[in-house]
1. Count, please, the residues in region 194-233 that happen to be in contact with an Asp or Glu (Cβ under 6 Å, 6 or more places away or on another chain), small (Gly, Ala, Ser) and within 16 Å of Ala114 (Cα to Cα).
2. On the basis of being in contact with a strand residue (DSSP E or B) (Cβ under 7 Å, 6 or more places away or on another chain) and within 16 Å of ligand 1 (Cβ to nearest atom), does Pro222 make the cut?
3. Here's a check for you: in region 83-99, which residue that is within 16 Å of ligand 2 (Cβ to nearest atom) and of a type outside the set (Gly, Ala, Ser) is nearest to Met13 (Cα to Cα)?
4. So Leu176 clears everything in (1) in contact with a helix residue (DSSP H, G or I) (Cβ under 8 Å, 6 or more places away or on another chain); (2) within 30 Å of Arg116 (Cα to Cα) except one condition, right? Which one?
5. Please state which one of Leu216, Leu264, Leu234, Leu243 is modelled with pLDDT of 95 or more and touching a helix residue (DSSP H, G or I) at 6+ places or on another chain (Cβ under 6 Å).
6. Which one of these does Glu166 not meet: (1) charged (D, E, K, R); (2) over 30 Å from Asp70 (Cβ atoms); (3) surrounded by 21 or more Cβ atoms within 10 Å (Cβ to Cβ)?
7. Pick from Ala265, Ala293: which is surrounded by 14 or more Cβ atoms within 10 Å (Cβ to Cβ) and farther than 21 Å from Ala102 by Cβ?
8. How many of the residues in region 102-134 are assigned to a loop (DSSP other than H, G, I, E, B), among the hydroxyl-bearing types (Ser, Thr, Tyr) and either within 16 Å of ligand 1 (Cβ to nearest atom) or loosely packed, with under 14 Cβ neighbours inside 10 Å (or both)?
Amino acid sequence: MDDGDSGAPLEVMDRLIAASGLPAPVSVHTIDSDGNGLDNRLMRAELTDGRMVVMRQSRVATTSPRRRVDFLRANGINTPKLFASDDAGAALWEYISGQTLADSVANGTADRTAWRRTGAALAELHAVTFPASLEGTIDADSLSLRTTDPVESLLDNLAASGPWVEKHRPRLRGALEHVRCFIADRATQIRTARPSVLHGDVNLLNIVVNEDEARLIDWDFPRVGQPLAELSALDEHAYLHGLDGLPSSFFEGYDRPVPRDLLLAYRIVGCIGWLASGDWEEWDRAPELPDAARSRLDKWHQRLLDWSIGIPEVITTLR
Ligand SMILES: Nc1ncnc2c1ncn2[C@@H]1O[C@H](COP(=O)(O)OP(=O)(O)O)[C@@H](O)[C@H]1O
Ligand SMILES: [Mg+2]
């Protein structure tokens, strides 16, 4: 990986705190010793006025997220506040107190309220909609949108996984053909769903829950796309953390209609697509990956493989 050249973490943190006009830090801690942060070095500082901030320093040089964050917040999306940033990949953020939804699921404290709030947090960004048939990235200071037919995207993704399926899961051939027909049959309904802002990297480590709210953090990859694609990714991550999928309380908080059969179709296409992707080999070859992150990814890979075996059973609801 290329090193961002913003400098030694403590110096960078001091520089960003000074630039933001915040008071000096009284203590600084490295966060993330268990390998949660794959892309960033993370430090938390307590300031003399008692406030907490987080410094994220990307391992690769990255343009300041300032304009992107302003755009998201101007549209009512409650990202953490951005206090200061540079163009080398360092940024100073509001610290969101609480625990990640991943920890909260692991220690059994993720109750219905936490999930309802998570649903409300996703609804907030999915409410920022775009005209039909657009998709693309929300970059540092521009949006790169292309006209995209969501039906064609789903079918293309499914077709692109074909060689992997033939090699590793030939028994799924019939079930995936059923999914393909289901998508084609429901094309009109799929096309009527408006694209919206998506977080772009939803997983339980990027959601912080506390006694008041659930907040999405790690806004490196926001995009415009289909809300169902993002919901199905989160559903899959809930499963990767040991649940069946998103609980009903999530959908209460989301509070807008979610056609469960379409959600399942998105999830199947996403699951097979991820299994067929180059991610797993790339992570296998990444020497800098912390052990905790590696064992988490190995576990996720196995769980995805296990879930894929059950696809012929779950698709009986797709008619
Ligand atoms: N603003 C924040 N408030 C509270 N905790 C944070 C914040 N930013 C990061 N963290 C903690 O650090 C971890 C990794 O940070 P993240 O921004 O997701 O980096 P990465 O891109 O490396 O995944 C998160 O899972 C969370 O525990
Ligand atoms: Mg993250």
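1. Total satisfying the criteria: 0.
2. yes
3. Selected residue: Trp93.
4. Of the numbered conditions (1) in contact with a helix residue (DSSP H, G or I) (Cβ under 8 Å, 6 or more places away or on another chain); (2) within 30 Å of Arg116 (Cα to Cα), the odd one out for Leu176 is (2).
5. Numbers: Leu264 fails: touching a helix residue (DSSP H, G or I) at 6+ places or on another chain (Cβ under 6 Å); Leu234 fails: touching a helix residue (DSSP H, G or I) at 6+ places or on another chain (Cβ under 6 Å); Leu243 fails: touching a helix residue (DSSP H, G or I) at 6+ places or on another chain (Cβ under 6 Å).
Of the residues listed, the single one that is modelled with pLDDT of 95 or more and touching a helix residue (DSSP H, G or I) at 6+ places or on another chain (Cβ under 6 Å) is Leu216.
6. It fails just one condition, (3).
7. Details: Ala293 fails: farther than 21 Å from Ala102 by Cβ.
After applying the criteria, what remains is Ala265.
8. Start the filter on region 102-134 by keeping residues that are assigned to a loop (DSSP other than H, G, I, E, B), which leaves 107-111, 127-128, 130-133.
From the residues that got through so far, the ones that are among the hydroxyl-bearing types (Ser, Thr, Tyr) too are 109, 133.
In the following step, the residues that additionally are either within 16 Å of ligand 1 (Cβ to nearest atom) or loosely packed, with under 14 Cβ neighbours inside 10 Å (or both) were identified as 109.
Residues flagged as assigned to a loop (DSSP other than H, G, I, E, B), among the hydroxyl-bearing types (Ser, Thr, Tyr) and either within 16 Å of ligand 1 (Cβ to nearest atom) or loosely packed, with under 14 Cβ neighbours inside 10 Å (or both) within region 102-134 amount to 1.
The values are calculated or read from the model by the stated rules, or taken from the named source; none is laboratory data. What you see is a predicted model, and the numbers here were worked out from it, not measured in a lab. Please note: Cβ atoms are built from the backbone with ideal geometry, for glycine as well, and neighbour counts cover all protein chains shown.
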